[in-house]
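Some notes on the structure that comes next.
Readers should treat all values here as calculations from the given coordinates under stated rules, not as data from a laboratory. Just so it is clear, the model here is predicted, and its values are computed rather than measured. Reconstructed Cβ throughout: ideal geometry from the backbone, glycine too, with neighbour counts over all protein chains shown.
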Amino acid sequence: MDKAQNLGSVNISRLFMGSNFALIATSVTFAIIGAIMGPLKEIFVLTNAEVGWIGGAALWGFSITIFIFGPLCDVLGMKFLFRLAFLGHFVGVIIMIFADGFTMLFIGALVLAMGNGLVEAAANPLIATLFPDNKTEMLNKFHVWFPGGIVIGGLISFGLDSIGISSYQIKLLVILLPTITYGFLFLGQKFPATERLQSGVSGKDMIKSTLLRPLFWVLVIAMMMTASIELGPNRWIPAVLESAGIPGILVLVWINLLMAIMRYKAGAIVHKLSPTGILLSSAIVSGIGLLWLSYTNSLVMAIAAGTVFALGVSYFWPTMLGVTSERIPKGGALALALVGGVGTIIVGLVTSPIMGSVADNHLHEKLPVKETTIVLEHIVDTFPELRMEKGDKTAEDYDNAINAAQEILDSVQTYGTLPKYATANALRSAMAVNPSAEASKEAKKILGPAENYGGKISFRRVAPLSIILAIIFGVMYLRDRRRGGYKAETIE
């Protein structure tokens, strides 16, 4: 079948551009959520685990949508999925802007993530259909705009901070700019049928070709780990580095700028190394970069480690999707949805929350009992007077901060040790109520290095996954070499 004939009435360039802006909306969402995680933690007095759940919702909500709508892409049509994505992006922003606590923040992040998942569920089959003869290259070029959008969102966030606009609500509104753009680009456009429908592959054959192929399950397992290495640390880099006084958002922007450049150059790299060769190299380099990031203590060191990390993770996501589409072509939208969805749901439900819990658990090791006790006593002694002034906080907010600090002091007097999770929350509570108070500044000086230490330990827990990936991709690469090189399968 001549696929070009089926695309004759389709505006390929406009659909590709619209897909790019839809992915920009997705990635700007990731950047903005990452940039406001620290402020949300202070404003709403959240634990690292709660922040991890908000960041995680932005991932596993993505997965739920892919699992539900990805396999239905052929039936519902890609245009319909993009319309739902637009709605998810718009409503999710509004919910988070008017959030009054953890629950609404979580729901808003989840709705935004569903919009992101709908983009991924529709766009990957669309790109594979528009460019059937070079899927891996064009999926890489399409996914330029995931790190590219993070760069855009990160720079806008940093720019707003630089001019004194720190409102997380204003930062969330930035997500609507690419959302409105892709809505306009898709307006009135004709979308093609998916490659599977054009080729006459039945739904039954699609399911069999996907679920009964051992290679599919190998790719699913590998995607869990590649996504964990790429997306898990990416969520935490700004918060972890900024707790040590390093401008983490700039490091994140640098990492994603390199990723965008690398993906744009994917065509030449694919021809030199082959997709499985790229995945093998990526596994090795990303592990080294992530481990190095876990030992950074300066901006220069963070940039150097981030460069290695970026070179490693650049090709993971799009190349995994490319290999899936080229090696299991009859799997169509189902195979792409399951591989992509499994990767994000693992990060959202497992990797991101675990990284938050690891950080909470280990930061306690860096809270000195004597110095922390002195700070807590200072909070108890000075906040009653500040309570009378109130400012933009209520008397109840001050009472909660004072009571939290007193409970820690009572526990230290009784047991001689600081309670593991409550101590950090008491310090955060004081910082949230009155960040300019002398006691709050002292709390930040103690808590910052501890937060940084806990976050870097969480990076070290993820890095060993690269060893397992190197083994998996190494076997795949050697099998390809024995068979005369990497070969994409075609639908007869």
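Brief remarks on what is shown
- Helix 48-69 axis, angle to the chain major axis (alpha carbon atoms, nearest 10°): 20 degrees
- Straight-distance candidates among the aspartates and glutamates for linking to residue 444, with alpha-carbon spacing under 14 Å and chain neighbours fewer than 8 residues away dropped: 42, 242, 371.
- Projecting the alpha carbon convex hull of the range 317-412 along each direction and taking the average yields 10.6 nm².
- Two-decimal Rg to Rh for the range 218-371 - Kirkwood Rh, Cα set: 1.03
- Entries of 265/487; 41/265; 79/204 with Cα pairs more than 30 Å apart: 41/265
- Diffusion coefficient, µm² s⁻¹, Stokes-Einstein with Kirkwood Rh over alpha-carbon pairs of the range 146-201 at 10 °C and 1.306 mPa s: 112 µm²/s
- Sorting the Cα pairs of the range 18-80 by distance into bins of 5 Å, from 0 upward, gives 4, 15, 18, 20, 16, 11, 8, 6, 2, 0 percent per bin.
- Couplings 3J(HN,Hα) of the range 313-324, computed from phi: 8, 3, 9, 3, 4, x, 6, 4, 5, x, 4, 4 Hz, in residue order, whole Hz [Karplus 6.51 cos²θ - 1.76 cosθ + 1.60, θ = phi - 60°; x for Gly and Pro].
- Here the convex hull built on the C-alpha positions of the range 343-492 has a volume of 168 cubic angstrom per residue.
- The mean sequence separation of alpha-carbon pairs under 8 Å and at least six residues apart, normalised by the residue count of the range 82-235, gives a relative contact order of 24 percent.
- Simple label model, 7 Å out from Cα along Cβ direction - residue 187 to residue 80, nm: 2.3 nm
- Of the residues 208, 135, the one with the fewest other Cβ atoms within 10 Å heads the list, and the complete ranking is 208, 135.
- One quarter of the convex hull surface built on the alpha carbon atoms of the range 160-240 amounts to 9.6 nm², the projected area averaged over directions.
- Under Karplus coefficients 6.51, -1.76 and 1.60, residue-wise ³J(HN,Hα) of the range 149-157 in Hz, glycine/proline x: x, 5, 4, 4, x, x, 5, 5, 4
- When the alpha-carbon atoms of the range 1-117 are used, the pair Rg, Dmax equals 16.9, 59 angstrom.
- Taken one residue at a time, the phi angles of the range 82-89 give Karplus couplings (6.51, -1.76, 1.60, θ = phi - 60°) of 5, 5, 5, 4, 4, 5, x, 5 Hz. Gly and Pro are set to x.
- Between helix 248-264 and the chain there is an angle of about 10 degrees, using the helix long axis and the longest principal axis of the Cα atoms.
- Computed over the chain, relative contact order equals 23 percent, with contacts defined as Cα pairs under 8 Å that lie 6+ residues apart.
- Normalised alpha carbon radius of gyration of the chain [divisor 2.2 N^0.38 Å]: 1.02
- Computed on the Cα atoms alone, the convex hull of the range 229-295 gives a volume of 78 cubic angstrom per residue.
- Placing unit charges on the Cβ atoms only, positive for Lys and Arg and negative for Asp and Glu, gives the chain a dipole magnitude near 2180 debye about its Cα centre.
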